[in-house]
Amino acid sequence: MAEKAKIDERFKKFGTVSFTSLTKTNDFVDFLEKGQIAGTRCKDCGRVFFPPRADCFQCLASNTEWFEVTGSGRLVSFSKLEYGPAGFQNDVPYCIALLDYGTFKIFGRISRDVPEADIAVGMPMKAIANTLPNGQLNYVFVKE
Amino acid sequence: MSRVAIIGVGQSEFVRAYPGSVRELAFEGFRDAMRDARLTVKDVQASVICSAPEYDKQRSPAGVFAEYLGLNPQPTFYVESLCSSSSMGLRLAYSLVKSGLHEVVAVIGFQKMSEISSAESQERMGRGADIQWESPFGTMMPAYYAMYARAHMAAYGTTLEDLALIRVKAATYGQLNDKAVYRKPVTLENLTHPEDRMAGPVASPLRVGDCCANADGSSCVIVASEEKAKAFCRKPVWVLGLGAATTSVNLAGRDLFTGLSVAREASRQAYKMAGIGPKDVDVAEVHDCFTIAEMMAYEDLGFAGPGEGRDLIRGKATYKEGSIPVNVDGGLLSKGHPIGATGGSQIRTVVLQLRGEAGAIQVKDPEIGLVHNIGGVGLYGNVSIFGR
């Protein structure tokens, strides 16, 4: 009897609470574990995707490859949450934010290590891989 | 080309916790609109039921409501685009009538948000965003709009006081609306005094007073062909223009953070279809789920140039007596925001205005009215233009 195929649920490890377990971009979690943040690129047309996706709507193909996010971006905007949704109450307060890397943008959180008074729209920041207190993985933005 | 009309409008009172089931809640808005249109259930050829899912236990509410409202065996449709569901429902009803498939269609929006806790509802609302790549960071609707507020302030020097002025205006009219959940006055001091509840932080820079309240409610809009409208209705209000647009759910996929691209695109479509421009609008209902949302709407709809929305509120141009009255029914901020019912309630206000039946909030002799209804954080945008 054939062995039952193992379900690949790596994406359950992404974020304080992950709402997705099955995705073709599961490798993203492996990159995070190695301390890397990765996006995808369509090998046919060169279009860059962040957040990463497995499929290119332009080519109607699923021929993508991973690339590592390097360098820094500019802070587009941010907000400090005083209340969290269900499952995030123990995290507050925290800042969600958006960085513009030029050819793509990254949505995430600002590191707790950055004092709020130092945060300003337009400042350079970079995304780094991060392990949360509950063992889950995400990425956070730190000062460049 | 034959026209499409609104021949009846209605809504329930918007309340903190409706003491009944969702089908009973839907009945309240439906009854109000059917009485307004002086119709019987036999006159309605189809229903469109609109809400955001997951706030109540009922699956596939359309079929359940159709029976409860006496609309069997007519067909029913379920339409969902988060907070703009009932404007999208209007778009469907318009298409059904325009195609000749049905002549009279009831668009019923509803939401009963009180069945779950506030934290649970925030989690569900957050899941109206990108659940794979954003929600794991702990997102909430106020925080997303707060990011737009921060970007608007950084780009144009918009202030927290400007945003507070929008809340003060909403409360000015919310006090006059017997369907509103929040009928108390709000002063500028309420939002600026650090010890006032209204000034409490939610998601910086937005405060409690910058956010609309969750509410339970229902609304109903009866849409009819020109022939039926003339037969049934003394004062039909005509659908002159409809616009609808979408964009990336993840903020990472967007380029504009000082306005909503969907509102700009939907208004462009609606103005073009109606053959009018922003200066022709006499009264407007905009989606002020947060104060910053109304500020951006002024600019996205062309009532003000980019960054100049604050001049409208500072000069009271958007008050009832101003050059472009906006949300003189209290808006979402004071009336409350029962997701699926909101668009229908906005349409109701504009229709009553155009019929000259808006009572204490009546704007002087309006001929053209506009409804701006947004789903999610600018994920869906609907702009609808109406005329007498």
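Annotations for the structure displayed:
- From B:Cys233, B:Cys220, B:Cys289, residue being hydrophobic (A, V, I, L, M, F, W, C), touching a His at 6+ places or on another chain (Cβ under 7 Å) and at negative phi: B:Cys289
- Residues in the range B:32-42 that are buried (at least 19 other Cβ atoms within 10 Å of the Cβ) and not in a loop (DSSP other than H, G, I, E, B): B:Asp32, B:Ala33, B:Met34, B:Asp36, B:Ala37.
- Test for B:Glu161: is it out of contact with any helix residue (DSSP H, G or I) (no Cβ under 8 Å at 6 or more places or on another chain), over 25 Å from B:Leu82 (Cβ atoms) and surrounded by fewer than 20 Cβ atoms within 10 Å (Cβ to Cβ): no
- Where helices (runs of 4 or more DSSP H) fall entirely within the range B:112-210, those with at least 1 residues that are without any contact (Cβ under 8 Å) to a residue 12 or more places away in the chain and either farther than 16 Å from B:Met296 by Cα or within 14 Å of chain A (Cβ to nearest Cβ) (or both) are at B:118-126, B:141-156, B:188-192.
- Within the range A:9-29, residues that are free of Cβ contacts under 8 Å to residues at least 24 places away in the same chain reach partners that are hydroxyl-bearing (Ser, Thr, Tyr) and not in a loop (DSSP other than H, G, I, E, B) with beta carbons closer than 9 Å, at six or more positions or on different chains, in the pairs A:Phe19/B:Ser135; A:Thr20/B:Ser135.
- Filtered residues of the range B:211-228 (kept if under 22 Å from the mean Cα position of the chain (by Cα) and either of a type outside the set (A, V, I, L, M, F, W, C) or in a loop (DSSP other than H, G, I, E, B) (or both)): B:Cys212, B:Ala213, B:Asn214, B:Ala215, B:Asp216, B:Gly217, B:Ser218, B:Ser219
- Candidates in the range B:50-68 are the residues that are at pLDDT below 95 and more than 25 Å from B:Val181 (Cα to Cα); of these, the one that is surrounded by the fewest Cβ atoms within 10 Å (Cβ to Cβ) is B:Arg59.
- Residue count for the range B:138-167 under the criterion of being modelled with pLDDT of 95 or more and either touching a Gly at 6+ places or on another chain (Cβ under 6 Å) or of a type in the set (A, V, I, L, M) (or both): the result is 15.
- Inspection of the range B:83-106 finds a residue satisfying the criterion of being of a type in the set (Phe, Trp, Tyr), at pLDDT 95 or above and not in a loop (DSSP other than H, G, I, E, B).
- Test: A:Arg47 is assigned by TED's automatic domain parsing to the domain that holds A:Lys24, closer than 24 Å to B:Phe257 by Cα and of a type in the set (D, E, K, R): yes
- Restricting the range A:75-87 to residues that are at the interface with chain B (Cβ under 7 Å from one of its Cβ atoms), closer than 24 Å to A:Val121 by Cβ and touching a residue at least 12 places away in the same chain (Cβ under 8 Å), the residue that is surrounded by the fewest Cβ atoms within 10 Å (Cβ to Cβ) is A:Lys80.
- Where a residue in the range A:50-67 is more than 14 Å from chain B (Cβ to nearest Cβ) and more than 17 Å from B:Asn250 (Cβ to Cβ) and its partner, wherever it lies, is in a strand (DSSP E or B) and among the aliphatic types (A, V, I, L, M), with Cβ under 9 Å and at least six apart: A:Trp66/A:Ala38; A:Phe67/A:Ala38; A:Phe67/A:Val48
- The range B:226-241 residues that are over 30 Å from B:Leu301 (Cα atoms), paired with ones that are in a loop (DSSP other than H, G, I, E, B) (beta carbon under 8 Å, 6 or more apart): B:Glu227/B:Ser2; B:Glu227/B:Glu103; B:Lys228/B:Glu103; B:Lys230/B:Pro236; B:Phe232/B:Arg38; B:Phe232/B:Leu39
- Any hit, the range B:268-287, residues being surrounded by fewer than 23 Cβ atoms within 10 Å (Cβ to Cβ) and under 15 Å from B:Ser84 (Cβ atoms): yes
- Which numbered condition B:Gly259 misses (of (1) in a strand (DSSP E or B); (2) within 14 Å of chain A (Cβ to nearest Cβ)): (1)
Per-residue answers, yes or no, for (1) assigned to a loop (DSSP other than H, G, I, E, B); (2) farther than 20 Å from B:Val202 by Cα:
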| site | (1), (2) |
| --- | --- |
| A:Ala54 | yes, yes |
| A:Glu65 | no, yes |
| A:Arg112 | yes, no |
| A:Ala129 | no, yes |
| A:Val142 | no, yes |
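- Exactly one residue out of B:Pro236, B:Pro185 is touching a helix residue (DSSP H, G or I) at 6+ places or on another chain (Cβ under 6 Å) and surrounded by fewer than 17 Cβ atoms within 10 Å (Cβ to Cβ): that is B:Pro185.
- Residue in the range B:5-24 that is surrounded by 23 or more Cβ atoms within 10 Å (Cβ to Cβ), over 16 Å from B:Ser218 (Cβ atoms) and β-branched (Val, Ile, Thr) present: yes
- The set of residues in the range A:8-20 being surrounded by fewer than 19 Cβ atoms within 10 Å (Cβ to Cβ), closer than 19 Å to B:Thr139 by Cβ and more than 7 Å from chain B (Cβ to nearest Cβ) consists of A:Lys12 alone.
- Scan the range A:93-109 for residues that are in a strand (DSSP E or B), more than 12 Å from the chain's Cα centre (by Cα) and more than 7 Å from every other protein chain (Cβ to nearest Cβ) and the total you get is 2.
- Selection status of B:Ser47, touching a Cys at 6+ places or on another chain (Cβ under 9 Å), crowded, with 24+ Cβ neighbours inside 10 Å and not in a loop (DSSP other than H, G, I, E, B): no
The values are calculated or read from the model by the stated rules, or taken from the named source; none is laboratory data. From a predicted model like this one, the values you see are computed outputs, not experimental measurements. Glycine gets a Cβ as well: all are built from the backbone with ideal geometry, and neighbour counts include every protein chain shown.
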